[in-house]
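Structure, as structure tokens:
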Amino acid sequence: FFVVMHACQSIGLWRVSLLALALLAAPARAHDFWIEAAPFHPAPAERVALRLFVGQDFAGEPIPYLPPLFERFVRRGPDGEHAIRGIAGDDPAAQFTPAAAGLTVIGLQTRPQEVNFDNAAEFENYLRTEGLERHLLASSRRAPDKPIRETYYRCAKALIVVKQSANPRHDYALGLPLELLSESAPAAGQPLRLLLLHHGKPLEGALVVLSRKAKPTDKLKARTDATGRVSFTLPARGVWLATSVHMLPAPFYAKEDWRSAWASLSFEVR
């Protein structure tokens, strides 16, 4: 925290940084972190704005470009992988112009943040809300009134498409700690196959939630199979967001009790 504050004070952004840290540090209240592109389907040579949000049901607060909060912010497309850079404090957080037709994937991993729960009941309600019921037994073994500390980070992606090529790609694997990959082209009325990777390996039994910006509370939910995959049929066009959370107990020597990663994948169906 103090490293982030020192860096932001040097550029006169400490108030913005405090707000961003507060928003990022409340996963129990602001479930999702995602990237919104304007537009998701640009014309050739059209400038694309990238906005970052934290919130839920597509209602969120914008996060500006704050390098001390970001572990990795990249784009990958036909011209390879490149770091994304912006101006500290800017919203949209960044802008870029796709170099070629086809798919460009945006990826952002935040640095670890912390959140504290006052007691086991508060933490267990959070586990149920996020589909992490598998950890209820481990949580119940702790003293009910003992505070619980969690360290977490965000792994957000967005799919930007400049008119499809003859052999279109559906996604690029960026090597994020928790990563959602689209294995089919998102299309209304067609199956969308998603793969969830944890440190590059398929993750079984994780809850994946899919929501549409036009009707954000009408959610589609499924758990990954033994190969880390889920399949949904998208009922309508629009901007969509897929999310998933994975949590593990922290090692005995760690200061925190739990570690989690939050993945998101945003895209538009035309």
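Couple of notes before you dig in:
- Carbon and sulfur %, accessible surface of the chain computed with the full protein complex present, 1.4 Å: 52 percent
- GNM top mover of Ala49, Ala143, Ala156 - the chain, alpha-carbon springs below 10 Å: Ala143
- Cα-based shape type of the stretch 127-171, given that a ≥ b ≥ c are square roots of the gyration tensor eigenvalues and the cut on a/c is 1.5: prolate
- Per residue, the chain exposes 46 Å² of solvent-accessible protein surface, assessed with a 1.4 angstrom probe and all protein chains in place.
- Neighbourhood charge, 13 Å Cβ-Cβ cut-off, centred on Leu192 and excluding it, Lys, Arg +1 and Asp, Glu -1: +1
- Note on Ala45/Tyr253: beta-carbon distance plugged into 1/(1 + (r/R0)^6) with R0 of 51 Å gives a FRET efficiency of 0.45.
- Most mobile of Ile63, Ile87, Ile35 in a GNM of the chain (Cα contacts under 10 Å): Ile87
- Total formal charge among the other residues, if their Cβ is under 9 angstrom from that of Glu150, Lys/Arg +1 and Asp/Glu -1: -1
The values are calculated or read from the model by the stated rules, or taken from the named source; none is laboratory data. Worth saying up front: this structure is predicted, and the values here are computed from it rather than measured. FYI the Cβ positions are ideal-geometry reconstructions off the backbone, even for glycines, and counts take in every protein chain you see. Areas reflect the complete protein model, heavy atoms only, side chains present, ligands, DNA and RNA absent. Shrake-Rupley method; radii C 1.70, N 1.55, O 1.52, S 1.80 Å.
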